[in-house]
Amino acid sequence: MADPHHDAPLDFDTLAVRAGIERSQFNEHSEAMYLTSSFVFDNAAQAAARFAGEEPGNVYARFTNPTVSAMQTRLAALEGGEACIATASGMAALLATVMALLKAGDHVVASQGLFGSSQQLFTNVFGKFGVDTTFVPATDLAAYEVAMRPETRLVFLETPSNPLTELIDIATVAEIAHRHDALLVVDNCFCTPALQRPLALGADIVIHSATKYLDGQGRVLGGAVVGNAVLMEEVFRFLRTAGPCLSPFNAWVILKGLETLKLRMEAQSANALRLAQWLEAQPWVARVYYPGLPSHPQFDLAQRQQSLPGAIVSFDVIGARPEAWRLVDATRMVSITANLGDTKTTLTHPASTTHGRISAEARAASGIGESLLRVAVGLESVEDIQADLARWLTV
Ligand SMILES: *Cc1c(COP(=O)(O)O)cnc(C)c1O
């Protein structure tokens with residue numbers, strides 16, 4: 001989207017509130033929500049032309065819907081991609097990407113420590129259809145090179161990782177993937193385009209769980225795939241046939257969420273930095289994991305790759321599960337839930353929830369111990385969050 005007066009590309013801040021607007025005959029100011037599953041044609045010839053794809057326009061909401069299209073245009077603009085395909089959830093975004101672009105016999109290299117359902121999709125679902133995945137230690141760049149095979153078509157990353165906030169150097173992995181004729185796909189859920197633009201760093205595709213920060217207020221499920229027009233046409237073909245598309249209602253909620261995305265990410269990241277610094281000074285905290293602290297092993301990469309460190313802070317309490325659970329149980333304000341990306345702060349004990357199905361040995365090997373807690377920092381006052389996390393010391 002260009003500035004009509006100067007033809008210069010518009011700023012992120014402007015695109016977040018204006019990209020994708022197409023007014024109807026009613027000249028509405030706020031984006032309209034089109035709750036319709038199908039569309040009517042002026043005559044038989046137009047119906048035929050629309051179905052044949054010879055005339056642009058909507059046919060059926062599994063294919064396109066104006067509200068969904070507006071959200072797609074806006075998110076594509078924010079990620080700096082040519083096109084975006086919205087999906088019913090973040091998992092549907094990964095499903096559509098792999099089903100559209102890979103076939104039996106193809107191989108995937110993925111970083112270890114992916115979101116649990118992503119890991120299971122690669123292992124239990126794609127594996128059944130002949131697409132094998134090799135998982136490599138997330139930060140070991142040489143391991144990606146070693147894992148590449150002649151049939152590797154896709155490299156998949158999540159950075160920062162959950163819950164330990166490990167960073168992967170996107171530009172370096174993009175170079176490795178491209179040298180082997182593979183596509184690089186990055187799950188940009190934790191940073192969002194407000195803090196990190198993987199396409200500009202060399203990734204081919206970004207996927208999102210829009211359920212998290214893009215909506216930002218815990219209201220709807222949604223997902224998205226962003227990339228160049230050729231790749232997105234393939235994803236679109238899969239989606240319109242298979243059906244896990246985004247509802248216009250959810251698209252509208254996410255579209256409006258995008259308008260405040262950067263403000264929320266900046267405020268939540270600032271809160272998270274202050275919380276991380278405070279945690280690091282507490283005598284009952286053994287270790288803090290946060291890319292904005294100089295103690296983070298990849299502090300320099302975080303400064304280069306992200307505009308801000310993000311809103312996820314993890315820490316080990318001194319002790320084990322009993323101490324971690326006491327801290328959780330003493331809170332009165334933060335939400336005890338595994339979800340994240342909300343304006344409300346959430347608190348999770350990964351070893352007994354999100355990572356509970358992994359064996360204790362595998363968990364220990366990946367550094368997710370019994371004393372680890374993850375905070376997805378929201379918009380509350382940081383003093384109130386601190387008081388809540390320290391309540392267990394006095395009850
Ligand atoms: C939540 C999440 C997903 C899955 O998204 P849904 O919208 O729940 O399907 C994928 N990746 C990451 C990193 C997530 O946090």
Residue satisfying condition, being in contact with a Lys or Arg (Cβ under 9 Å, 6 or more places away or on another chain) and within 21 Å of Leu263 (Cβ to Cβ), within set Gly292, Gly341: Gly341
Looking only at the range 271-293, count every residue that is within 29 Å of Ala16 (Cβ to Cβ) and open to solvent by 50 Å² or more (accessible area, probe 1.4 Å) and tell me the total. 3
In the range 252-290, the residues that are of a type in the set (S, T, N, Q) and under 17 Å from Gln217 (Cα atoms): Thr260, Gln268, Ser269, Asn271
For the range 36-74, how many residues are closer than 22 Å to Gly243 by Cβ, within 26 Å of the chain's Cα centre (by Cα) and not polar (S, T, N, Q)? 7
Look at Val155 and say whether it is outside any loop (DSSP other than H, G, I, E, B) and within 30 Å of Val59 (Cβ to Cβ). no
For the range 161-181, name all the residues that are assigned to a loop (DSSP other than H, G, I, E, B) and more than 21 Å from the chain's Cα centre (by Cα). His180, Asp181
Checking Leu373 against (1) within 16 Å of the ligand (Cβ to nearest atom); (2) at pLDDT 95 or above; (3) touching a helix residue (DSSP H, G or I) at 6+ places or on another chain (Cβ under 6 Å): exactly one of these is not met. Which one? (1)
Do we have Arg219 as open to solvent by 10 Å² or more (accessible area, probe 1.4 Å), within 14 Å of the ligand (Cβ to nearest atom) and either basic (Lys, Arg) or in the same structural domain as Thr343 (by TED's automatic domain parsing) (or both) here? yes
Pick from the range 92-108, criterion away from the ligand (no atom under 12 Å from the Cβ) and either of a type in the set (Lys, Arg) or within 14 Å of Gln119 (Cα to Cα) (or both), ranking: surrounded by the fewest Cβ atoms within 10 Å (Cβ to Cβ): Lys103
Across the range 83-114, what is the number of residues that are closer than 19 Å to Leu246 by Cβ and part of a loop (DSSP other than H, G, I, E, B)? 2
Just give me the residues in the range 78-91 being within 16 Å of the chain's Cα centre (by Cα) and more than 15 Å from the ligand (Cβ to nearest atom), in sequence order. Leu78, Glu79, Gly80, Gly81, Cys84
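The values are calculated or read from the model by the stated rules, or taken from the named source; none is laboratory data. This one's a predicted model, so the numbers in the text were calculated from it and none came from an experiment. Neighbour counts are summed over all protein chains in view; Cβ atoms, including those assigned to glycine, are modelled from backbone coordinates with ideal geometry. Accessible surface areas use protein heavy atoms only, side chains included; no ligands, DNA or RNA. Shrake-Rupley method; radii C 1.70, N 1.55, O 1.52, S 1.80 Å.
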